[in-house]
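Asks: For reference, the structure I am asking about is given below.
The values are calculated or read from the model by the stated rules, or taken from the named source; none is laboratory data. As the structure is a prediction and not an experimental result, all values here were calculated from the model. Methodologically, a virtual Cβ is constructed for each residue, glycine included, from the backbone with ideal geometry; neighbour enumeration extends over all protein chains shown.
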C-alpha cells in the first residue's frame with residue numbers, strides 16, 4: 001500500500017493534524033497569536049483536504065490499517081470505505097465553513113479562553129474523524145467518548161452561568177445513556193473472537209439477538225441524534241453553546257450518530273428486517289412532527305433551530321426506515337433509494353443547519369439579541385447575513401430548486417414505491433409516513449417565514465432595546481471571516497440543490513457497498529441534467545432547467561413591465577388600511593405567529609396560559625409551553641434515580657470497620673461463586 | 001428527436017394560459033352576478049383593471065426592503081411556470097420532465113413563502129396577520145394536495161403529469177372510487193389555495209376576516225397588477241390540474257397536432273363549466289370562521305388519505 005496515495009492514510013494524517021493544532025493552541029500561552037489568527041483557518045484547510053480524501057475513497061475499494069497503539073492485544077483498527085468516505089466528506093466540507101467563521105467569531109475572546117476553545121474545538125473535530133474511521137469497537141468507543149467530552153466542554157464555554165452548566169450536565173447524561181446502549185450493542189454482537197468490526201460482521205446472530213442489537217444501536221445512537229423521547233438535551237445544549245459550536249454539533253455531530261446507525265444496522269448486524277423499519281418509521285414520524293411543532297412555539301432563535309434539528313433527524317429516520325422496510329421485503333432497488341434519500345438529507349441538513357446557526361451567531365454578535373420578539377428590520381443593517389440566512393431558510397423549508405427539496409423529493413419517491421410491497425398493511429402505511437413528511441415540510445416553511453419575517457423584515461420591535469440604539473446608529477454586518485464561512489455553506493446549499501445527479505451517483509456507491517445493490521441502471525445512466533430515482537417515465541426532476549426557466553420568466557416579466565410602462569415610484573409611509581396610529585409594537589411577534597398552530601394542535605402541547613381579566617389594572621398576558629416528555633419520562637426517571645441512590649446511601653456508615661465488613665462479605669461471596 | 005414543435009407548443013400553451021386567465025376571472029364574476037341577481041360587469045373588466053393598475057404610479061412603503069419589490073415578479077414567474085408544467089392542451093410538454101407534481105406543489109409553496117415574506121416586510125399589523133393566516137392555510141392545504149396527487153400517482157405509477165393524463169385518459173372506462181375521494185379533497189384545496197369562499201373572500205377588504213387581501217394591502221399600481229394577474233393564473237392552473245386528474249378527456253396526446261383544435265374547444269368548455277361551478281359554490285356557501293378552515297382542510301386531508309387507502313384496498 002502506497003501510504004501517500006492512500007485516502008485512509010491521508011485522512012488519518014488530517015485527523016492527527018487537527019490534534020496537533022489543538023495541542024499547539026496551548027503552547028504559546030500569553031501570546032494568543034496562533035490561536036487567534038492561524039488555528040481556525042488551518043483547521044478549515046485540513047477540513048477541506050479531509051473532504052477531498054473522503055470524496056476520493058468513495059470511488060475506491062475499502063482499505064484497512066492497524067495502528068500499533070491502544071491496549072495490549074487490542075490495537076486500533078482503521079478502515080475507510082464509501083460510507084466512511086461520504087461522512088468524512090460531510091465532516092470536512094461543512095467544518096471548513098464553520099472553522100473559517102469561528103476564526104472571525106472567537107477573535108474577540110481573551111487569550112486564555114481562546115486557547116481553551118481552540119483546543120476543545122479541534123479535539124472535537126479530530127474525535128469525529130476517528131469515530132468515522134474506527135474499525136473496532138474499542139477505538140470507536142474511545143473516539144465516541146472523546147467527542148462527547150470535548151463537546152461537553154465546548155457547550156459549557158460560558159460556564160459562569162448556572163443555566164448553561166445544567167444544560168451541559170443534561171447533555172453529558174443523555175450522551176452517556178446512549179454510550180452505554182452502544183457498548184451493550186457491541187457486546188451483544190460479539191460472537192467470540194475480538195472486537196474488530198470484521199469479527200462483529202462475521203458473527204452469526206439469531207433473529208432475537210439481532211433485534212436486541214438493533215434496538216440497542218437504534219436507541220443508543222438515537223440519543224445522540226436527538227430522536228424522541230431522547231431529544232431533551234438538544235434544545236438546552238444548542239442555545240447554551242457558542243454559535244459555531246452549535247453549528248458543529250447540530251450540523252455534524254448529530255450526523256455521526258446517523259453514521260453509527262447505518263454502520264451498525266446495515267453493515268455490522270446486516271440482514272435488515274422490515275419490522276425494524278417500522279420501528280424506525282414510527283419514531284421518525286413522531287420525531288419529525290414533534291420537532292417542527294415545538295420549533296413553531298419558540299422565540300429564542302437558537303432553541304428554535306435546535307428543535308428543527310430534531311425534526312430533520314426525524315426526516316432522515318423516515319428515509320432510513322423506508323429503506324429498511326423495502327430491504328426487509330426483498331426490494332433492494334427501493335431500499336437503496338431510501339438509503340440514498342436519507343444520506344442525501346443528512347448532508348443537506350448538515351449544510352443548511354450549520355448555515356442557519358452561523359447566521360444566528362452573527363445576529364447575536366451584531367445586536368446581542370437572541371429573542372425573536374425583540375428583533376426586526378435586520379435586513380437593513382445586515383444585508384449580507386440576511387441574504388445567506390434567506391438561502392438557508394428556503395433550503396430548510398424544502399423549496400425548489402434548493403437542496404432541502406431534493407432530499408425530501410427523493411424520500412417522497414421512495415414512499416411512492418409502496419405498491420411493490422406484498423404486505424397490505426405496510427403498503428398502506430408507507431404513504432401515511434409520506435403525509436407526515438408533507439405536513440412537516442409545510443410547517444417548516446411556516447416556521448421559517450416566521451423567523452425571517454420577524455428577525456430580518458419589518459421594523460425593530462423593541463425600540464428601547466440598547467442593541468437597536470446601536471444598530472440604528474450605523475449598525476454593522478457580520479465580519480468578513482464570518483461572511484466567508486456563511487458564503488461557503490450557502491454555496492453548498494445551491495450546489496447540492498442544483499447538481500443532485502452527481503451526488504446521487506456518489507451515494508449510489510455507498511448504497512452498493514452496504515447492500516450490494518444500487519439504484520436502477522436507468523437512474524444511473526441519466527445525464528447530469530436529470531435527477532431520475534427509478535425510471536424516467538415514472539419521475540424526474542431537473543433543478544437547473546427549473547431554475548433557468550424561473551429566472552427567464554421573471555426576467556421577461558421585468559423587461560416587459562419596464563418596457564411598456566413607466567417606472568415612476570413614490571415612497572410613502574405604509575398604508576395599513578389607513579389605520580392612523582401605527583407603532584412598531586403592533587407587528588406580529590414570534591409568539592403571535594405561532595397562535596394558529598397553538599389553536600390547531602392545542603392538545604399536543606402542555607400549555608400554561610394566563611389571560612388578563614377585564615378588571616385587571618395592569619393586564620399581562622403570559623404563556624408557557626412545556627415539553628410533555630419531561631413529565632412522563634425524565635422527571636420520573638430522575639426521581640427513581642434519587643430514590644435508588646438514597647437507598648444505596650444507607651450503606652455508607654462512615655466507619656472503617658463497617659467498610660471492612662463489606663469487603664469481607666464480598667470476598668466470601670466471590671469465593672462461593674468462583675470456587 | 002426534434003423537440004422544436006414541442007417547445008413551440010409549450011410556449012404557446014403557457015402564453016395562452018397567461019392571457020386567458022383574467023378572462024376566466026371575468027367569467028366567474030359574471031356568473032356570480034347573474035346568480036345573485038345583479039347586473040353583470042363586462043367580461044373584459046379584469047383586463048381594464050390590469051391596464052389601469054399598470055398605468056398608475058407605484059407607491060412603496062418607506063419601510064420596505066428590496067424583497068418587497070421583487071416579490072410580485074417572483075409570484076408572477078412561479079404561476080407562469082406552473083401553467084407551463086400542467087398539460088393544459090396537449091400532453092406533449094417538453095418542460096414537464098423537469099418538474100413533476102411534487103415540484104409543482106413546491107412551486108406553489110415558493111410563491112406562498114415569498115408573498116408571506118413580502119407581507120411582513122413593511123412591518124404593518126395587517127401584513128403580519130395576513131402572512132400568519134396564509135401560512136396556516138398553506139400547511140393545512142399542502143399535505144392534502146399532495147395526498148390527492150399521490151392517489152393519481154399510485155394509479156398511473158408515475159408522478160409526471162403528462163404520464164398521469166395519458167394513463168387516466170386512455171384507460172378502459174372504469175370508476176375509481178379512490179379518484180372520487182381525491183376529487184372532493186382537491187376541490188376543497190382549490191377553494192382554500194385560491195382564497196375563494198368559504199375560506200377567504202376575494203371581494204372584500206373586511207379587515208378582520210381577510211387573508212389574501214391583508215397580505216397585499218401595501219401593494220399598488222404595477223406590482224398589484226402583477227399579483228392580481230398571478231392570482232388569476234393560479235386559479236386557471238389549479239383548474240387545469242383538476243382537469244388533468246379528473247377530466248382528462250380532450251387533452252391532445254403527444255405528437256397529435258390535429259387534435260389541438262378539439263383540445264382547445266374542450267378546454268374552453270371545461271373552463272366555462274368550472275367557472276360556473278365556482279360561482280355557484282361561492283353563491284351558495286358563506287365564508288367560515290378562520291379556525292373552521294382548519295377543520296375544513298383537515299377533512300380534505302383525510303379524504304385524500306382515504307382515497308389513497310381505498311386505492312390500495314380495491315386494486
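Listed here are the residues, each with its yes/no results for (1) within 24 Å of residue A:268 (Cα to Cα); (2) crowded, with 18+ Cβ neighbours inside 10 Å.
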residue: A:115; (1), (2): no, yes
residue: A:121; (1), (2): no, yes
residue: A:133; (1), (2): yes, yes
residue: A:137; (1), (2): yes, yes
residue: A:206; (1), (2): yes, no
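Asks: If you scan segment A:584-603, which residues turn out to be in a helix (DSSP H, G or I), in contact (Cβ under 8 Å) with a residue 24 or more places away in the chain and more than 7 Å from chain B (Cβ to nearest Cβ)? Working first, answer last.
Replies: Residues of segment A:584-603 that are in a helix (DSSP H, G or I), as a first pass: A:584-586, A:590-593, A:595-600, A:602-603.
From the residues that got through so far, the ones that are in contact (Cβ under 8 Å) with a residue 24 or more places away in the chain too are A:584-585, A:590-591, A:593, A:597-598.
A:585, A:590, A:591, A:597, A:598 - these are the residues of segment A:584-603 that are in a helix (DSSP H, G or I), in contact (Cβ under 8 Å) with a residue 24 or more places away in the chain and more than 7 Å from chain B (Cβ to nearest Cβ).
Asks: Now a separate question. Tell me, yes or no, whether segment B:233-249 has at least one residue that is more than 11 Å from chain A (Cβ to nearest Cβ), surrounded by fewer than 16 Cβ atoms within 10 Å (Cβ to Cβ), in contact (Cβ under 8 Å) with a residue 24 or more places away in the chain and not in a helix (DSSP H, G or I).
Replies: Checked segment B:233-249: at least one residue is more than 11 Å from chain A (Cβ to nearest Cβ), surrounded by fewer than 16 Cβ atoms within 10 Å (Cβ to Cβ), in contact (Cβ under 8 Å) with a residue 24 or more places away in the chain and not in a helix (DSSP H, G or I).
Asks: Looking at segment B:84-118, which of its residues are under 30 Å from residue B:61 (Cβ atoms) and more than 8 Å from every other protein chain (Cβ to nearest Cβ)?
Replies: B:108, B:111, B:114, B:115, B:118
Asks: Kindly provide the set of residues from segment A:535-576 that are over 42 Å from the mean Cα position of the chain (by Cα) and either within 29 Å of residue B:153 (Cα to Cα) or more than 7 Å from chain B (Cβ to nearest Cβ) (or both), ordered by number. Even if it seems obvious, please write down each step before you answer.
Replies: Taking segment A:535-576 first, the residues over 42 Å from the mean Cα position of the chain (by Cα) are A:559-573, A:575.
Listed by number, the residues that qualify are A:559, A:560, A:562, A:563, A:564, A:566, A:567.
Asks: Can you pull out the residues in segment A:411-461 that are farther than 30 Å from residue A:596 by Cβ, within 10 Å of chain B (Cβ to nearest Cβ) and within 25 Å of the chain's Cα centre (by Cα)?
Replies: A:413
Asks: Could you count how many residues in segment A:503-534 are over 25 Å from residue B:154 (Cβ atoms) and within 14 Å of chain B (Cβ to nearest Cβ)?
Replies: Of the residues in segment A:503-534, 3 are over 25 Å from residue B:154 (Cβ atoms) and within 14 Å of chain B (Cβ to nearest Cβ).
Asks: OK, next. Does any residue of segment B:135-148 turn out to be buried (at least 23 other Cβ atoms within 10 Å of the Cβ) and more than 10 Å from every other protein chain (Cβ to nearest Cβ)?
Replies: Scanning segment B:135-148 turns up at least one residue that is buried (at least 23 other Cβ atoms within 10 Å of the Cβ) and more than 10 Å from every other protein chain (Cβ to nearest Cβ).
Asks: Out of A:239, A:244, which single residue is within 14 Å of residue A:302 (Cβ to Cβ) and touching a strand residue (DSSP E or B) at 6+ places or on another chain (Cβ under 8 Å)?
Replies: Details: A:244 fails: touching a strand residue (DSSP E or B) at 6+ places or on another chain (Cβ under 8 Å).
The conditions single out A:239.
Asks: Right, another one. Is it the case, given these coordinates, that residue A:399 is farther than 18 Å from residue A:106 by Cα and assigned to a loop (DSSP other than H, G, I, E, B)? Steps first, answer last, please.
Replies: Working: farther than 18 Å from residue A:106 by Cα: yes; assigned to a loop (DSSP other than H, G, I, E, B): yes.
For residue A:399, the condition - farther than 18 Å from residue A:106 by Cα and assigned to a loop (DSSP other than H, G, I, E, B) - is met.
Rundown of residues vs (1) farther than 30 Å from residue A:268 by Cβ; (2) outside any helix (DSSP H, G or I); (3) touching a residue at least 60 places away in the same chain (Cβ under 8 Å), yes/no style:
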{"site": "A:506", "(1), (2), (3)": "no, no, yes"}
{"site": "A:527", "(1), (2), (3)": "yes, yes, no"}
{"site": "A:534", "(1), (2), (3)": "no, yes, yes"}
{"site": "A:548", "(1), (2), (3)": "yes, no, no"}
{"site": "A:556", "(1), (2), (3)": "yes, no, no"}
{"site": "A:559", "(1), (2), (3)": "yes, no, no"}
{"site": "A:571", "(1), (2), (3)": "yes, yes, no"}
{"site": "A:582", "(1), (2), (3)": "yes, yes, no"}
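Asks: Could we say that residue A:49 is under 19 Å from residue A:503 (Cα atoms), surrounded by fewer than 22 Cβ atoms within 10 Å (Cβ to Cβ) and at pLDDT below 95 here? Steps first, answer last, please.
Replies: Working: under 19 Å from residue A:503 (Cα atoms): yes; surrounded by fewer than 22 Cβ atoms within 10 Å (Cβ to Cβ): yes; at pLDDT below 95: yes.
Criteria met by residue A:49.
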